[in-house]
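A.B. asks: After the structure tokens below, expect a handful of questions from me.
Coordinate-derived values only; no laboratory data. Please read these numbers as outputs of a predicted model, since none were measured by experiment. Positions of Cβ are generated from backbone atoms using ideal geometry, with glycine treated the same way; all protein chains shown enter the neighbour counts.
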Ligand code: F6P
């Protein structure tokens, strides 16, 4: 499919002019004064959530120019190509169809794996002898299920403990194993490829621990979630739930990779999660661009990254359950859009993925918010607040929500104080999401929103958001270096790596 890269459009030139004329010095405080409807026009409902964009450095003119950019780049055709199953992941010649996993009218193959996986989840939930479920996986085979299990704690099956082991650092697995008994444990080996060093090392060690502790029934205590059933069989696992190469690793929590989550929240909860994501898919597919939330957010990202030059974006979920959301979003956004060449392999003359980072509020307020309020960089912030709490402790939730509102207001308004130590410049942009409740449907919609927003900016930048070649080189070098730690061989290494290897070497 031919595409027009954002910087080669006339809309790009118009945006640059708009930025030079009014964008650079845009003050959202002033914009509220001149436009009393600003909150209404720059906020919107989307499936399962509400978003307020009005504290950002945009107005109707900016949005209209950004929408012109989307149209000139034929964003709708790019989006439709994804939904239609075109091989838009061109460097791997693959379709990108995670949306199909949440469709209520999935093809037979998708529906049958989903049904089998959910039936298995229910079976484990009903098996009182299994008290501990250990998901062994990394990246997309860890972050999504882990983030969601923590977020949906309220819905978790009683009597089941969920553990997530990702790091090849044995301290993590050793710490988890220390609290387990083989007869009560189910290991889920989650790996799209079933070749990832970290996961294979942890899975082998878990198996060795299981057998050394007298465990025999691997079929009952190990399951594999993978597209590589042969490798799982070779490992000795007979219970395998598969998925397909058109599910990218960081888009895989909706597939069999979500089994730990399905065990935690049950088939009903998992189905609701998929339905929430599907509702957002439909919104993205059919809402007019001007009221299409993933589109508005993706365009805002381009405005900030390419015109304002903001280098990072902070995510502050005001809900303890969402504490792993920033880590999840780091992979989603930075592995997808951390690219420097376009689909033709040409070097881009503009910036792509910002650094995405964050911590739950209110903790972040007592750590890095100082820099957000008064630092020399402007960092657009994203607040996620949940109206209803899932606990009954008196007084906590209003304090939490008040803090979220207060921080967003303070960032916007600032405070004059002679430009000195107590001066807050204000006009610091933020977006505010409101969920009524952190339930499976709302979480599904929120994650799908982020997925599609990343798609939008990636599509306009003209990059392939669905490959991840940048992680390969380090993997190859690690393989080469590992035996050198015991042999001490530094041949061909750069002097720094050679010097460090000598210090870290484990000879004799
Ligand atoms: O880090 C690269 C990566 O391929 C991610 O994209 C992926 O989520 C992760 O490794 C794990 O891969 P796998 O599921 O194949 O073990």
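A.B. asks: Whole angstrom only: what separates the Cα centroid of region 466-508 from the Cα centroid of region 181-197?
C.D. replies: So the two Cα centres are separated by 27 Å.
A.B. asks: With N set to the residue count of the chain, report its C-alpha Rg divided by 2.2 N^0.38 Å to two decimal places.
C.D. replies: With N residues counted in the chain, Rg over 2.2 N^0.38 Å equals 1.02.
A.B. asks: Over what distance in Å are the Cα centres of region 1-29 and region 45-115 separated?
C.D. replies: What the calculation gives is 22 Å, centre to centre.
A.B. asks: With n ≥ 4 as the cut-off for DSSP H runs, can you work out [θ] at 222 nm for the chain, using -39500 (n - 2.57) per run divided by the number of residues, rounded to the nearest 500?
C.D. replies: Value at 222 nm, helices only, nearest 500: -13500 deg cm²/dmol.
A.B. asks: While we're here: Using only Cα atoms, what is the ratio of the radius of gyration of region 379-461 to 2.2 N^0.38 Å?
C.D. replies: 1.42
A.B. asks: To continue, here is another question. What's the extension gain from residue 76 to residue 45 if we count 0.36 nm per residue and subtract their Cα-Cα distance?
C.D. replies: Taking 0.36 nm per residue and subtracting the Cα distance, the gain is 9.1 nm.
A.B. asks: Put a dot 7 Å past each Cα toward the Cβ at residue 24 and residue 376; how far apart are the dots in nm?
C.D. replies: 1.9 nm
A.B. asks: Moving to a separate point now. Could you estimate the translational diffusion coefficient of region 47-97 from the Stokes-Einstein equation, with Rh from the Kirkwood formula over C-alpha pairs, at 25 °C and 0.890 mPa s, in whole µm²/s?
C.D. replies: After rounding, the answer is 182 µm²/s.
A.B. asks: Distance in nm between label sites at residue 245 and residue 399, each 7 Å beyond Cα in the beta-carbon direction?
C.D. replies: With each label placed 7 Å out from Cα toward Cβ, I get 5.4 nm.
A.B. asks: Compute the separation of the alpha-carbon centres of region 285-323 and region 207-241 and state it in Å as a whole number.
C.D. replies: Between the Cα centres of region 285-323 and region 207-241 lies a distance of 41 Å.
A.B. asks: Suppose we keep just the alpha-carbon trace of region 434-508; what are its Rg and Dmax in angstrom?
C.D. replies: For region 434-508, the Cα radius of gyration and maximum Cα-Cα distance read 22.0, 60 Å.
A.B. asks: Would you please give the FRET efficiency between residue 501 and residue 178, computed as 1/(1 + (r/R0)^6) with r the Cβ-Cβ distance and R0 = 25 Å, to the nearest 0.05?
C.D. replies: So the FRET efficiency works out to roughly 0.20.
A.B. asks: While we're looking at this one, here's another question. Using the count of nearby Cβ atoms within 10 Å as a rough guide to exposure, how do 4, 438 rank from fewest to most?
C.D. replies: By the 10 Å Cβ count, ascending, the order reads 4, 438.
A.B. asks: Tell me the Kirkwood radius of region 220-361: reciprocal of the mean inverse pair distance over distinct alpha-carbon atoms, in Å.
C.D. replies: Across region 220-361, the inverse of the average 1/r is 18.2 Å.
A.B. asks: Which order do the peptides 78-88, 422-432, 188-198 take when ranked by the mean count of other beta-carbon atoms within 10 Å per residue, highest first?
C.D. replies: So the order, starting with the most tightly packed, is 188-198, 422-432, 78-88.
A.B. asks: Let me ask you something else. Full-extension gain between residue 211 and residue 291, please, as 0.36 nm times their residue separation minus the C-alpha to C-alpha distance.
C.D. replies: Residue separation times 0.36 nm, minus the Cα-Cα distance, leaves 23.2 nm.
A.B. asks: In a solvent-free Debye calculation with one equal scatterer on each Cα, what is log10 I(q)/I(0) for region 100-268 at q = 0.16 Å⁻¹, listed in the order of the q values?
C.D. replies: -0.87
A.B. asks: Starting with the highest mean, order 24-35, 112-123 by the number of other Cβ atoms within 10 Å, averaged over the residues of each peptide.
C.D. replies: Taking the mean over residues of other Cβ atoms within 10 Å, the ranking is 112-123, 24-35.
A.B. asks: Further question: Just need log10 I(q)/I(0) for region 356-508 at q = 0.16, 0.19 Å⁻¹, Debye formula, equal scatterers on the alpha-carbon atoms, no solvent, rounded to two decimals.
C.D. replies: -0.96, -1.14
A.B. asks: Here's something else I'd like to know. Modelled label-to-label distance, residue 472 and residue 123, 7 Å Cα→beta-carbon offset: nm?
C.D. replies: Distance between the two pseudo-spin positions: 3.8 nm.
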